[in-house]
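Here's the structure, in structure tokens; my notes come after.
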Amino acid sequence: YGRGVSTAPSSPSSPPPAPELFTWEFATDPYPAYAWLREHAPVHKATLPSGVEAWLVTRYADARQALADQRLSKNPAHHDEPAHAKGKTGIPGERKAELMTHLLNIDPPDHTRLRRLVSKAFTPRRVAEFAPRVQELTDRLIDDIISKQHSVEKGSADLIHEFAFPLPIYAICDLLGVPAEDQDDFRDWAGMMIRHGGGPRGGVARSVKKMRGYLLELIHKKREEPGEDLISGLIRASDHGEHLTENEAAAMAFILLFAGFETTVNLIGNGVYALLRNPEQRAVLQDSLAAGETGLLETGIEELLRYDGPVELATWRFATEALSIGGQDIPAGDPVLVVLAAADRDPARFAEPDTLDLARRDNQHLGYGHGIHYCLGAPLARLEGQTALATLLTRLPDLRLGADPTELRWRGGLIMRGLRTLPVEFSAS
Ligand code: HEM
């Protein structure tokens, strides 16, 4: 990140100059560049900051089709990578650690088997029963924010650090069955991973190792003494006599943490930010919450996912054979990245795509993906997102941005989109 990587214009009709991708400006607001790509180079070969070349798919129809195309494998072994770049590209799964063999890195039939097993334990019902606990965690974090204020009239907080970041980590730890006294270790390990972009180098490698050791031990304990938690559920889950091995259960717990953590931080962070930048929409939502309605909150969370969702690019896919997307030929072995953030602003699919409309009904966005890898945690993400936003807007009704938007910094990761900090102000009465 920080280095500009030019895209070669590929349209003959000399459009406005091609935008630079992966610069700081792009990290702050990638949407103009995506609009250009959708129009002039909808399936576009870009050089990523890591040096890898990958196809970016930016139109909604192409994106949806690519996400469901079984010829695009999730297994990095299909990547036809130049020998000199081996192991240096940051493509997850080049790392051979057992934790990396998880749902997002595998294809059918293994994927089908593991997903069926985890779905038996991680059910919508389990998530629904978890709702009071999420409310409790949310209230506790807001209590902490309010109680540390020196001035009642002018409270302030960093909503990422003090709210959006801890909520999902405590929630997933609780759900998995990590005892309360160990949850702050997870908070530290997760903080290390989010700050350093998820690539297991240095401190991050140590954090991943510690997390793995901890999860394996916990699985061991839960096997001896099962409870009602999700880890015990994963151990118990069986399908036609098949069970998860201990390593598979550990990899599953890890991917639930990993896939469910930074995403939800960014759903809350990007969501609150979008509401603060769109005061009329925020006022309508606040009125509807005050009237005890939940309809606008439900459509609103989906709209926030479409408008500025946490997952900017879907995770890596690789062409297992030569194929064509949107008329563009793609050779076997090439990586394909589906740009969810671009597809979800495609005017060919969404009316006024750059407008935040919390009441939008025709909203089949791709924020949770599509096809067999569709987000397994969507019900939990919805629960956390709805609880977080509703509680914040109700308990801190005059919440406002505490910094100029130009001062805010976005994390420059390839896959995720989210703010580093979100300074806010409020009356802490
Ligand atoms: C997959 C988005 C929260 C667990 C995915 C994918 C997307 C996504 C786009 C598909 C990636 C691809 O096809 O390359 C989100 C968003 C979230 C969120 C926007 C929050 C707002 C969660 C939570 C959990 C979770 C809370 C679990 C606790 C998973 C898992 C997969 C997945 C396990 C892999 C599924 C598979 O490969 O079969 N998510 N996610 N996610 N998500 Fe989420």
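The table below lists the values:
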read-out: Size descriptor, Kirkwood hydrodynamic radius, that averages inverse alpha-carbon separations across the stretch 308-429, Å; value: 17.6 Å
read-out: Sequence of 280, 302 once ranked by neighbouring C-beta atoms within 10 Å, starting from the fewest; value: 280, 302
read-out: Choice from 125, 382, 236 showing the highest fluctuation, given a GNM over the chain with Cα pairs closer than 10 Å; value: 125
read-out: Hz values of 3J(HN,Hα) by residue in the stretch 23-36 - Karplus curve (6.51, -1.76, 1.60), Gly and Pro given as x; value: 9, 5, 4, 5, 4, 6, 8, x, 5, x, 5, 5, 4, 5
read-out: For residue 410, distant residues with modelled amide H under 5 Å away; value: 420
read-out: Amide H partners (placed H, <5 Å) of residue 317, local residues excluded; value: 336
read-out: Extension gain, residue 45 back to residue 129 (0.36 nm per residue minus Cα-Cα distance, nm); value: 25.7 nm
read-out: Selection of GluC sites (Glu not before Pro), the stretch 101-175, meeting DSSP coil and at most 16 other Cβ within 10 Å; value: 153
read-out: Residue-count net charge about residue 73 - beta-carbon cut-off 12 Å; Lys, Arg +1, Asp, Glu -1; value: -3
read-out: Euclidean distance between Cα centres, the stretch 236-250 to the stretch 316-366, Å; value: 34 Å
read-out: Dimensionless Rg ratio for the stretch 108-190, taking C-alpha atoms and the 2.2 N^0.38 Å reference; value: 1.43
read-out: Cut-off 18 Å, label 7 Å out along Cα→Cβ of residue 243, residues of the stretch 124-144 by amide N; value: none
read-out: Residue of 406, 391, 138 that the Gaussian network model of the chain assigns the largest fluctuation, springs spanning Cα pairs under 10 Å; value: 406
read-out: Residues 69, 287 arranged by fewest to most Cβ contacts within 10 Å; value: 287, 69
read-out: Average Cα contact separation per residue, the stretch 215-362, under 8 Å, 6 or more apart, as relative contact order %; value: 19 percent
read-out: Vicinal HN-Hα couplings computed from phi for the stretch 338-351 (Karplus, 6.51 cos²θ - 1.76 cosθ + 1.60; Hz; Gly/Pro x); value: 8, 8, 4, 5, 7, 4, 6, 10, 7, x, 6, 10, 10, 5
read-out: Residue-span extension gain [residue 398 to residue 25] - 0.36 nm each, minus C-alpha spacing; value: 131.3 nm
read-out: Hypothetical label at residue 352: residues of the stretch 363-381 whose amide nitrogen lies under 11 Å (7 Å Cα-Cβ projection); value: none
read-out: Amide H contacts of residue 45 (H built 1.01 Å from N, under 5 Å, at least 5 apart or other chain); value: 56
read-out: ³J(HN,Hα) computed for each position of the stretch 237-246 - Karplus, 6.51 cos²θ - 1.76 cosθ + 1.60, integer Hz, glycine/proline x; value: 4, 9, 9, 6, x, 8, 10, 7, 6, 4
read-out: Label-point separation in nm, residue 110 to residue 205, each point 7 Å along Cα→Cβ; value: 2.3 nm
read-out: Least to most buried among 173, 375 (fewest other Cβ within 10 Å first); value: 375, 173
read-out: Whichever aspartates and glutamates have a C-alpha closer than 18 Å to that of residue 222, once near sequence neighbours (fewer than 8 apart) are set aside; value: 174, 181, 182, 246, 248
read-out: Positive minus negative residues near residue 147 (Lys, Arg vs Asp, Glu; Cβ under 14 Å); value: -1
read-out: Stokes-Einstein translational diffusion, the chain - Kirkwood Rh over all Cα pairs, 1.002 mPa s, 20 °C, in µm²/s; value: 95 µm²/s
read-out: Pair residue 120, residue 220: separation of 7 Å Cα→Cβ label points (nm); value: 2.5 nm
read-out: Extended-chain gain in nm, criterion 0.36 nm per residue less alpha-carbon gap, residue 284 and residue 77; value: 69.6 nm
read-out: Cut-off 14 Å between beta-carbons: net charge of the residues surrounding residue 134, Lys and Arg +1, Asp and Glu -1; value: -1
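Each reported figure results from applying straightforward, stated rules to the coordinates on display, with no laboratory input. Everything quoted here is computed from the prediction, not taken from an experiment. Cβ atoms come from the backbone with ideal geometry, glycine included; neighbour counts cover every protein chain shown.
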